[in-house]
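As structure tokens, the structure follows; a few thoughts come after it.
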Amino acid sequence: MVSLVRPAEVEDAAAIAAVHVATWRTTYRGLLPDDFLNSLDESGYEERWRRILVEPSSRVYVAADGPQVVGFASGGRERAGEDGFSGELYAIYVVQEAQGRGHGRRLVQAVVGGLRELGLEDMIVWVLRDNADARKFYERLGGAYVRTQPITIGSALLQEVSYGWRSLDAIV
Ligand SMILES: CC(C)(COP(=O)(O)OP(=O)(O)OC[C@H]1O[C@@H](n2cnc3c(N)ncnc32)[C@H](O)[C@@H]1OP(=O)(O)O)[C@@H](O)C(=O)NCCC(=O)NCCS
């Protein structure tokens, strides 16, 4: 099967929403409340992605196995005023069955290209502190721990940590 990463189109909104909801449920079961995960609504996310995909500043990519979208990533200008960072990886999700096959790295590389197009030179990403697998992935790609802060998702009060790359060239 041919695997590739390409820029997302507005027609991908439904597939991205499906990956989004499915991977939140597999990744965050046990970390986020069950009722919150069960209530995630694909059609609501599809609308949200449809809006994001037409924004000129948005950089969204999908990973495909043949015709099937199995992952996506998005990035752009850093959103919270974090000192020393102007670019951000907003989200990256690969469905469980397709993880560990290089889609994640290819998606990050695509986002890096998008950040460069926007004139950005560094990248930060936020990840739940207890999402050990994603943290290892960012560490493998050369990310350096930045800091920890609280985050509320649904009714859950959690901690998130950030990883940073001071130069996009440092992403391996
Ligand atoms: C995290 C995620 C995006 C990584 O994508 P992936 O396609 O599984 O990862 P890749 O196959 O591209 O791996 C790239 C490198 O990271 C390493 N890596 C990935 N996951 C790892 C893990 N859990 N532990 C150790 N190394 C890991 C791989 O071994 C590979 O290194 P290598 O080239 O030396 O073999 C994906 O697993 C995912 O979507 N997870 C669930 C959702 C999630 O947590 N998203 C992040 C939210 S902030």
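Taken together, the values in this text are just the output of simple stated rules run on the coordinates, not laboratory data. Source: prediction; values computed, not measured. Backbone-built Cβ (ideal geometry, glycine too); neighbour counts: all protein chains shown.
At-a-glance table
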quantity	calculated
Reduced Cα scattering model of segment 25-68, Debye log10 I(q)/I(0), q = 0.21, 0.22, 0.28 Å⁻¹	-0.91, -0.93, -0.94
Principal axis box of segment 88-172, alpha-carbon based, largest edge first, Å	37, 30, 20
Over the chain: helical MRE at 222 nm, DSSP H runs n ≥ 4 each giving -39500 (n - 2.57), nearest 500	-10500 deg cm²/dmol
Relative exposure of TRP24, TRP165, judged by other C-beta atoms within 10 Å (fewest first)	TRP24, TRP165
Segment 59-83 versus segment 96-118: alpha-carbon centroid distance in Å	7
Peptide ranges 51-57, 88-94, 15-21 listed from the most packed, as the mean C-beta count within 10 angstrom indicates	88-94, 15-21, 51-57
Inverse of mean 1/r across different Cα pairs in segment 3-124, Kirkwood, Å	14.8
